[in-house]
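The values are calculated or read from the model by the stated rules, or taken from the named source; none is laboratory data. Note that this is a predicted model, so its numbers are computed, not measured. Here the Cβ positions follow ideal geometry from the backbone for every residue, glycine too, while neighbour counts run over all protein chains shown. Side chains are part of the model used for accessible areas, which takes the heavy atoms of the whole protein and leaves out ligands, DNA and RNA. Shrake-Rupley method; radii C 1.70, N 1.55, O 1.52, S 1.80 Å.
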Amino acid sequence: MPEISAQTEPDPIATDSPDADTETVAKRKRMGVTFWIAIGWVALVVFGAIFQPILPLQSTTKPDPCSTYAATMANYGISGTAAQLYNNSQADSPRQAQQMADAGTKPPADSISACPNPTLNSKTNAFPSAQHWLGTDSAGRDTFARIVAGAKVALLVGLVAVGVGMILGTLIGLIAGYFRGAVEGIMMTFVDVALAFPALILAIAIVAFRGQSLFNVCLAIAIVATPGFARLSRSSTLTFSEREFVMAARVMGASHRRIIFREILPNVALPVVAFYLLAVAIAIVAEGGLAFLGLSVPPPTPSWGTMIQDGYNVINDSPFVVMVPSMVMFVTVLAFNYIGDRFRERFDVKEAAL
Amino acid sequence: MRVARKVLLSLLRLAGAVVAVSFLTFLLAHKIPGDPTAIILQDKVNTMVPCGSVLLGETVDCGALAPKVVHPRGTEAPGAVTSVCHADRCVIASDALRHQMGLDQPVLTQYVHWAGKAIHGDFGTTYDTQPQPVWPQIAQALPPTLELMIIAMVLSLIISIPLGIYAAYREHRLGDRILTTASFLFVALPNFVLAIFLIIIFVTWMGAVQSVYVPWSNGVGKNLSTLAIPAVALSLGMASVYQRLLRTDMIATLQEDFILMARAKGLPTWRILTRHALRPSSFSLLTVFGINVGTLIGGTVIMEVMFSISGIGKLITKSIYVRNYPTIQAIVVLIAAVYVAANVLTDIFYSVLDPRIRHA
């Protein structure tokens, strides 16, 4: 997993362009087709995540009624009757189906054949079809619906959790960089200690010790993201608080709060937002990493990471199942990286023009 | 003199960071819900104490079966023993054991006690019905992890240095453009996704290599071939970062007068590139190489789980699964220590290598 702290140091991605000398400012102002494709993809992901509950999608938890139940249920150690209960949507989970079957609830005779015409397209690990746009997973659930639902987790973990980390970190950095002295010493010691953990290990520790839930995954990401933002915003605050316009504001008797938020923050915001976009990409990958360790969002909530991990179990028989969420995660990360890079280039131009 | 002072300061910082990290981990582990004594006592409670209580609608029969408790987090785990059996007897047993294990002491006392032993390599014993010492487990898991990390590091340098030199030399030409695009793609490609693609191509379709780890003892050749995919998956992302860094620095170096001088002397191009330009261009690469140790540790953990390599990553996930907190704690502290040490070493190495920094 790429590391957040690694990005704050001499930045591998930002140091890229000696092109800056040769290209004209006008040429660099044009964002290009790739940029808009990236924006479009991110917009699509955000749209899916927000409107997932009202979109006409298939169930993310219930398998296709025609998928091969015997095999799926055998994995859960469930008998035929329980499978039929589950099949006929009378039970929400295989576990409940088993409990109902044990308790003697038998499915009505006429509902046993919920799927009169099973086809190849409706089995588990299916390829895309008109019914299942991106096929089905190893439990016969619709992959497309799960991808869209997974976008919600990706954005919560990415945009929201990293956003919380960004706000916290930027505040710490602004205060430390503006007031200097003991305040800075104390705050930056904490930041350095937090940065002494490798990011994924810290996230693992937080989720492992606090328990597996969406909130704890987000909390871990937010905590891991904070120190990077603190360092970044402190270093820009240091350069800006020496500038003439800050001095002018001070001479005019502006309060500390006004200077920090009205004079310094707007200047610090640009590099912070550029870093934010990259950090979102890193967080989405981190969720995938946690999923592989069984520490991401608990089932049945689908996330891209848990989908990849589920699909990985059947990679030898049906590589397509793992390919879909992997590609979606890759393209999303790529899009955020690309937008972040462009943003940073724009920012550098502005900096140079000052 | 300056260097010695700097080294000393760095070492102090290292010690401070390790203490802080280990204390934080200790606090995190201390605050976990669930009582370690409950896990140890579970066996005894099971045979000694008659029980039978209702939890979330399920009646638990404690005959020959272990008491099943629905854990607050929703997973089934041996947990709050007190709520399963007759309260007074369990509580008394737990308290006695808790005192014996020192768990009734304040956190700080517990930490000092733990740290004092940890310095001597004694990381305590596992919370288990049959407690085992933690350190031998870790020592056993270290070699495969180190092997994978070292192979990935070496591989990333082998890939990135020639490509970085080439891209700088052919700046803005076709080769450079292709490399720039490729490195952008590989930076964004998560290592586990890359591993999945490689498995699909080389294992599922071609059947060329095995995707399940084979230890050293079963043959070095086999061992290396099973490490090929995880090592490549780990190194390509790092390699593209290094390639970019080297390219940027090298382009700047190639404009220097001493390169012009070397060229004027009629030295062959490859010699100028490797002997004259490479060393002064490699500083940012080295810095990031050191920082990347942390990234690599995270990646290695995931690779170990994916390829069933019985290393540190596998051990920590197993320990998480069975809630074996002393082991998790020891591993987290160990990894943090290695990470901080790598950062400090890079710092020192950097100032030793670059005379401009040494004399600044």
Please work out the average accessible area per residue across the stretch B:135-321, using the 1.4 Å probe convention, and give it in Å². 43
What figure in square angstrom, to the nearest 10, would you give for the accessible area of A:T189 with a 1.4 Å probe? 80
To the nearest 10 square angstrom, what accessible area does B:T295 show with a 1.4 Å probe? 20
Roughly how many Å² of A:E244 are accessible to a 1.4 Å probe, to the nearest 10? 130
List, in the order given, every pair from B:K117/B:K314; B:K6/B:K265; B:K222/B:K318; B:K117/B:K222 whose Cα-Cα distance in the structure shown is over 30 Å. B:K6/B:K265; B:K117/B:K222
Karplus-derived 3J(HN,Hα), 6.51/-1.76/1.60, for each residue of the stretch A:290-302, Hz, glycine and proline x: 4, 4, 5, 8, x, 10, 8, 4, x, x, x, 4, x
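Using heavy-atom solvent-accessible surface (probe 1.4 Å) with all chains present, what is the largest-first order of B:K318, B:K117?
B:K318, B:K117
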Check each residue of the stretch B:333-351 and keep those whose accessible area, probe 1.4 Å, is at least 40 Å² smaller with all protein chains in place than in the chain alone; give them in order of residue number. B:Y339
Which whole-Hz couplings ³J(HN,Hα) result when phi for each residue of the stretch A:325-342 is put into the Karplus expression 6.51 cos²θ - 1.76 cosθ + 1.60, θ = phi - 60°, listed in order with x for Gly and Pro? x, 4, 5, 4, 5, 4, 5, 5, 4, 4, 4, 5, 4, 5, 4, x, 4, 4
Of A:F51, A:F209, ordered by accessible area with the largest first and a 1.4 Å probe, the sequence is A:F51, A:F209
Report which residues of the stretch A:284-304 become buried by 50 Å² or more of accessible surface when going from the isolated chain to the complete set of protein chains (1.4 Å probe; DNA, RNA and ligands ignored). A:F292, A:L293
Heavy-atom accessible area order for A:W133, B:W135, largest first, 1.4 Å probe: A:W133, B:W135
If amide hydrogens are placed 1.01 Å from N in the peptide plane, which non-local residues have theirs closer than 5 Å to the one on A:A139? A:N125
What is the distance, in nm, between label points placed 7 Å from the Cα along the Cα-to-Cβ direction at A:S59 and at A:F127? 2.7
